[in-house]
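What follows is a short report on a single structure.
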Amino acid sequence: MLHENFKDTYAALDGAIRYLDARTVIESENDVIRKKLLPLCTGEKKDAIVSVRFLPFTDAETERIEKTFGNVVEDKEDAYLLEVTAERVTVYSNYARGFLYGACTLWEHYKDGIKEGLIYNVPLVQFRAVKMYLPAEDKLDEFYYMVDLFMHYGYNAIVLEVGGAMEYKKHPEINAYWIDVCREFNEYSGKTDDVQLTQPWGKNSVHIECGGGKVLSQKLVREICDYCRAHGLEPIPEEPCLSHADYLMAGRTDFAERPNDPYPDTYCPSNPKSYEITFDLFDEIIEVFQPKVLHIGHDETYVYGICEKCKGKRAAEIYAEDVTKLHDYLAARGVRTMMWSEKLLNSYNKNWAPAGGARYTTRYTGSGKFVTFKGKRLEVLTRHSVHPYDVPLLPEGTLYQTVEETYPAISMIPKDVICMNWYYSYYELGDMAYHYNGLPLVYGNFSGIGFNNWKGRVASGAKGFGVSSWGASDFKQMQRGNRLGDIVYASRMAWSRDYDEKNKGTELKYTAASVFDYRFRESMKGSHVDILHTTDLEIPHGYFGCGQFLMDDMFRLGYFHLHYEDGTEEKVEILWGENVGPAGQLAEGGAKLEFEEDGQPKILSYSRETIFTCDFEDKDGRRYYRFVIPTKKPLSRVETEIFDEYKDKYLQHSITVHN
């Protein structure tokens, strides 16, 4: 179900069809724009468009917009107008990024020509970001492909977590520690979780996928930043501070908040050594990234007032003082501060247990499972939430930790800190805490398919969102982790006034069709195999990240065997969650009758996983998944091999060969 104006704000392309050809002049020296548009300029067509121009807005453009769409012109960054006439295509914008978006919109609408008319696009929100780890060096091509995608769908920022994965000239010991600890955690999937649970207090996950568990040179990171900026994405480095600081501590305990922690992840905010090292790292990051904004982390802080220097201080004061120190250091260098901000909320999770910045208690018991880390055999503990009223009743000798409340810090931190709230789904009124305290609010870990009252919350003051990935920054992890689908889905929320959150099933189908066209439009002009199939399997979505590995063996249902006319053969995997998904039981409009705990129809949750690799077709109450295999030479036949345990679950509708 391809939506003609998937991410357009206002569109009126209703005139005669016009064509580009090899004589059409792209009047831009921007290499990114030329790369996007030159493939459209082929052959020779009668009365072809003479040129594609890129010009600033004038009053005349405003008049044409108002005549066509009404009083809708807004003075917002990144807004642009695409105008198609008999002789020219013109992109008007007062922003370089608007020219990039205009070129992408021309590409998107150019299918065997483009109709005369106007498209005026203006974003609903000004912050449209993707949060990722620094990519592994051997996955740069995939990373750059995704950056191209983010530009195409109207994103303007990329938050890149750095941690221990960038070369530090002042602190090479951090890089050495990072490589060593990642090597150990990569022993098996989930070892990070096991080690995280070996102490009777809250500890942070370890982001071993950052940089592929290795270290990127500063030169290479500069090149990554240059590529992102050239494609309209402002790089925002994230350097986790206070919490998730395992890389920074590098195994040292002399400035740890909990000195008895064998592998500390929280520094002491009363120890000058903490800031000596942190600011050294900031200096190198600022030199490499040249950022306007730096993200200081600060999520999931569990340890306060433990060491002798911090005892007696309130957790909220400790937290706010640390944020303020980092903010002031960055502000003196012309860099704004961003942070994860759930610790500023007196929050409760969906089970009505205290969370975020609220006071809460966790009890720990043995599990009988052991893990070896740094040569020590440690027992993996089990966590249990404790109701506040039950804490005084815990038996003597119980292992438990009470995390003190930090939410009062919301009124203590500088007012220009950008707060990235990833607790948006717990309760909408949490937004008001930021607004009341005059703090800029954006949503983190954003998933539009699970977000409600989008336009209302933006009207109340939210500035935008960041779709977040906690897995490796490569194509497969981003796709199977639902991130690529979420990125495309959210772009419609950010740009289109027609987005309808009451019909998310339909919106999801629009998303799948748009990205299917983006990925396979050129492939389908050449030789390819077009497959439509489904399964009666429903495999729960897995979390892939923070040391949980994606292993295809768990999802492989069989193979397609492609037999070519020259006698050669190619084998293509059939992977649940990648190129096929669940048939489901579809109700009218595409929503599934069975629901997840968060209230989302299960078919939507499952379909998100395949959204970047398949289009959807709903037939006879089932969802079928369409995917394309590009081929480079003529095929004679395609055979399907399904493993015995899945034969009664697999349904094939059609295989069509296009030579």
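Data for the structure
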read-out	value
Identity of the residue in region 107-127, within 28 Å of the chain's Cα centre (by Cα) and either among the hydrophobic types (A, V, I, L, M, F, W, C) or modelled with pLDDT under 95 (or both), that ends up most open to solvent (accessible area, probe 1.4 Å)	Leu124
Total residues in region 443-457, condition in a helix (DSSP H, G or I), over 16 Å from Val488 (Cβ atoms) and open to solvent by 20 Å² or more (accessible area, probe 1.4 Å)	2
Failed item in (1) open to solvent by 60 Å² or more (accessible area, probe 1.4 Å); (2) modelled with pLDDT of 80 or more; (3) part of a loop (DSSP other than H, G, I, E, B), with Phe612 passing the rest	(1)
Test: residue in region 68-79 that is among the acidic types (Asp, Glu), modelled with pLDDT of 95 or more and either at negative phi or in contact with a strand residue (DSSP E or B) (Cβ under 6 Å, 6 or more places away or on another chain) (or both)	no
Residue count, region 473-526 (criterion: of a type outside the set (Phe, Trp, Tyr) and in contact with a Cys (Cβ under 9 Å, 6 or more places away or on another chain))	2
Wholly enclosed strands (runs of 3 or more DSSP E) of region 29-96 bearing at least 1 residues open to solvent by 70 Å² or more (accessible area, probe 1.4 Å)	88-92
Sole exception among (1) out of contact with any His (no Cβ under 7 Å at 6 or more places or on another chain); (2) open to solvent by 30 Å² or more (accessible area, probe 1.4 Å); (3) not small (Gly, Ala, Ser) for Tyr510, by number	(1)
Residue within region 366-385 that is in contact with a helix residue (DSSP H, G or I) (Cβ under 9 Å, 6 or more places away or on another chain) and assigned to a loop (DSSP other than H, G, I, E, B) present	yes
Selection within region 130-184 - in contact with a Ser or Thr (Cβ under 9 Å, 6 or more places away or on another chain), within 30 Å of Thr9 (Cβ to Cβ) and not in a helix (DSSP H, G or I)	Val130, Lys131, Met132, Tyr153, Gly154, Tyr155, Val159, Leu160
Scan of region 97-106 for residues that are over 23 Å from the mean Cα position of the chain (by Cα) and either open to solvent by 40 Å² or more (accessible area, probe 1.4 Å) or aromatic (Phe, Trp, Tyr) (or both), ordered by number	Phe99
Subset of region 386-428 (residues that are part of a helix (DSSP H, G or I) and either free of Cβ contacts under 8 Å to residues at least 12 places away in the same chain or within 29 Å of Pro200 (Cα to Cα) (or both))	Pro388, Tyr389, Asp390, Val391, Pro392, Leu393, Tyr407, Pro408, Ala409, Ile410
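Each row is one residue, and each column tells you yes or no for (1) free of Cβ contacts under 8 Å to residues at least 12 places away in the same chain; (2) within 29 Å of Leu381 (Cβ to Cβ); (3) touching a Leu at 6+ places or on another chain (Cβ under 7 Å).
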site: Ile174; (1), (2), (3): no, yes, yes
site: Glu187; (1), (2), (3): yes, yes, no
site: Leu216; (1), (2), (3): no, no, yes
site: Cys225; (1), (2), (3): no, no, no
site: Leu242; (1), (2), (3): no, yes, no
site: Met249; (1), (2), (3): no, yes, no
site: Thr253; (1), (2), (3): yes, yes, no
site: Asp280; (1), (2), (3): no, no, no
site: Glu284; (1), (2), (3): no, no, no
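The values are calculated or read from the model by the stated rules, or taken from the named source; none is laboratory data. Please read these numbers as outputs of a predicted model, since none were measured by experiment. Glycine gets a Cβ as well: all are built from the backbone with ideal geometry, and neighbour counts include every protein chain shown. Each accessible area value is taken on the protein alone, full model and side chains, heavy atoms only, with ligands, DNA and RNA left out. Shrake-Rupley method; radii C 1.70, N 1.55, O 1.52, S 1.80 Å.
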